[in-house]
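Take a look at the structure below.
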Amino acid sequence: MDIEGVILDVDGVISRGKKPIERAIEGYRLLRDAGIKTVFVSNNSARSRRMMVEKFSRYGMDVGEAEIIVATHATAVFIRERDGKSRVYTTGEHGLVEELENEGHEVVENPDADYLVAASNRNINFEIFTKALRLALNDQVKYVAVNPDRIFPGEDGPVPGTGLVIGAIYWMTGREPDAVVGKPSKVIVEQAVQMLGVERDRIAIVGDQIEIDVLAGKNSGLKTVLVLSGVTTKYNYEKKVNEAGLTPDFVFRDLYDFAQRVISRK
């Protein structure tokens, strides 16, 4: 496995919820110490880049914003590049609001929004869903999802992802997002490839979800690495492969085992 650059997922690879995966953090340090370039690409729809830096710092990891691509920021940039500064209603949390406002968008609570942005929210309620429903029924409002994640790796097991919101809107209206920004979209992955500055055949993408991370890697012609420390485990691996119709190039217990293999081949 001749690897010079690694695209790392965060949730399920580095942490579960707020809890770090200690072996994974050690694996990250092994990669860095060996001179392997790394960039984090997260589908997280609740955190801003600033919040991600703070999270890594709590884990004892020296990671700056320039090494992070998070779907919240990518969504804000996507809207700005498409339509300039816009009025946005989102089902998401403060981290997404922060990134939207950083790009000059006005986050609104009224039906005058130009965009509906679907994102996960640990405090989602009837009022939020009602506003999203009414906007989705208006075909003049553009509808974007931060990511397509159905579930999310929590500290004590899976929790609902943005799929909770996308699914509810679809069931109520029959409408799907006009665009999805996060993985497996090539848009966010190609940003990471450019940041690494490494030949494509020397890059591996590491994640815990076959239908998200492995598919993203396959779509962009990268080596795909599945770790069994998040949503996919050794107990449900075969089921996940069959459901997705995809097989990763490599499977490891966690990031530490992957890092050891990469380093042993250098």
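The values are calculated or read from the model by the stated rules, or taken from the named source; none is laboratory data. Small disclaimer: the values here were computed from a predicted structure and weren't measured. Cβ: placed from backbone, ideal geometry, glycine included. Neighbour counts: every protein chain shown. Protein only, heavy atoms only, side chains kept; ligands, DNA and RNA dropped before computing areas. Shrake-Rupley method; radii C 1.70, N 1.55, O 1.52, S 1.80 Å.
Can you say whether LYS266 is modelled with pLDDT of 95 or more and either under 24 Å from VAL70 (Cβ atoms) or not β-branched (Val, Ile, Thr) (or both), as far as the supplied structure shows? Lay out the reasoning, then the answer.
On the way: modelled with pLDDT of 95 or more: no; either under 24 Å from VAL70 (Cβ atoms) or not β-branched (Val, Ile, Thr) (or both): yes.
Judged against the criteria, LYS266 is not a match.
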Only one of these conditions is not met by SER42: (1) closer than 19 Å to ARG253 by Cβ; (2) crowded, with 24+ Cβ neighbours inside 10 Å; (3) small (Gly, Ala, Ser). Which number is it?
-> (1)
If we keep only residues of the stretch 174-223 that are surrounded by 23 or more Cβ atoms within 10 Å (Cβ to Cβ) and among the charged types (D, E, K, R), then the residue farthest from the chain's Cα centre (by Cα) is ASP208
If PHE152 satisfies every condition in (1) without any contact (Cβ under 8 Å) to a residue 40 or more places away in the chain; (2) not in a helix (DSSP H, G or I) but one, which is the exception?
-> (1)
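Among residues belonging to the stretch 152-173 that are among the hydrophobic types (A, V, I, L, M, F, W, C) and within 18 Å of the chain's Cα centre (by Cα), point out the one that is modelled with the lowest pLDDT.
Of everything passing the filter in the stretch 152-173, PHE152 is modelled with the lowest pLDDT.
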Go through (1) in contact with a helix residue (DSSP H, G or I) (Cβ under 6 Å, 6 or more places away or on another chain); (2) without any contact (Cβ under 8 Å) to a residue 40 or more places away in the chain; (3) not hydrophobic (A, V, I, L, M, F, W, C) one by one and return the number of the condition ARG29 breaks.
-> (1)
Give the residues of the stretch 158-173 that are outside any helix (DSSP H, G or I) and open to solvent by less than 90 Å² (accessible area, probe 1.4 Å), sorted by residue number.
-> VAL159, PRO160, GLY161, THR162
Among (1) touching a Ser or Thr at 6+ places or on another chain (Cβ under 7 Å); (2) open to solvent by less than 10 Å² (accessible area, probe 1.4 Å); (3) not acidic (Asp, Glu) - the single one VAL107 does not satisfy = (2)
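Of the residues that sit in the stretch 65-81 and are open to solvent by 30 Å² or more (accessible area, probe 1.4 Å) and either under 15 Å from ALA192 (Cβ atoms) or touching a residue at least 40 places away in the same chain (Cβ under 8 Å) (or both), which one is nearest to the chain's Cα centre (by Cα)?
First pass over the stretch 65-81, keeping only residues open to solvent by 30 Å² or more (accessible area, probe 1.4 Å): 65-67, 73, 78, 80-81.
Okay, now just the ones that are also either under 15 Å from ALA192 (Cβ atoms) or touching a residue at least 40 places away in the same chain (Cβ under 8 Å) (or both), so 65-67, 73, 78.
Working: GLU65: 15, ALA66: 16, GLU67: 14, HIS73: 11, PHE78: 15 Å.
Among residues in the stretch 65-81 that are open to solvent by 30 Å² or more (accessible area, probe 1.4 Å) and either under 15 Å from ALA192 (Cβ atoms) or touching a residue at least 40 places away in the same chain (Cβ under 8 Å) (or both), the one nearest to the chain's Cα centre (by Cα) is HIS73.
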